[in-house]
Amino acid sequence: MSLSNRLDLEMRPLLGYLLAPLFACFGVAYRSCTWVERLVTRMYFRHKVGTLLSPTDFKAIPHMAVLALDQIPCSGASSSCRSAAGAPL
């Protein structure tokens, strides 16, 4: 078996590792573009980006983080799962 054939056999599995991230990046970019194209999403996206970039509304970022974390469902009776009022669920 020559050196070129051996390298070819060793490189075939790596081709999948090369193509998978490229395909995933294309998929994420495509879904993001189609998501932002919708009117309601575009308005929401423009408002949130404007809030993040505005120096006067910069103080709203911690509140937005709390609201975003409140949307994550928690499972079980963990002590870290609390409602917005701070009481255990």
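The values are calculated or read from the model by the stated rules, or taken from the named source; none is laboratory data. Bear in mind that the values here come from a model prediction, so they are computed numbers and not experimental data. All Cβ positions, glycine included, derive from the backbone under ideal geometry; neighbour counts span all protein chains shown.
Of all residues in the range 49-68 being outside any loop (DSSP other than H, G, I, E, B) and more than 22 Å from V36 (Cα to Cα), which is modelled with the highest pLDDT?
Ranking the candidates gives V66 first.
Between residues in the range 22-49 that are of a type in the set (F, W, Y) and residues that are surrounded by 11 or more Cβ atoms within 10 Å (Cβ to Cβ) and in a helix (DSSP H, G or I), which pairs lie under 6 Å by C-beta distance while being six or more apart or on different chains?
Taking only residues 6 or more apart or on different chains, the pairs are W35/T41; F45/V36.
Say whether the condition of being at pLDDT below 80 and not in a helix (DSSP H, G or I) is met by at least one residue in the range 30-47.
no
Of all residues in the range 69-85 being among the aliphatic types (A, V, I, L, M) and at pLDDT below 85, which is nearest to L52 (Cα to Cα)?
Here the residue is I72.
Out of the range 29-43, which residues are of a type outside the set (G, A, S) and surrounded by 10 or more Cβ atoms within 10 Å (Cβ to Cβ)?
Correct list: Y30, R31, T34, W35, V36, R38, T41, R42, M43.
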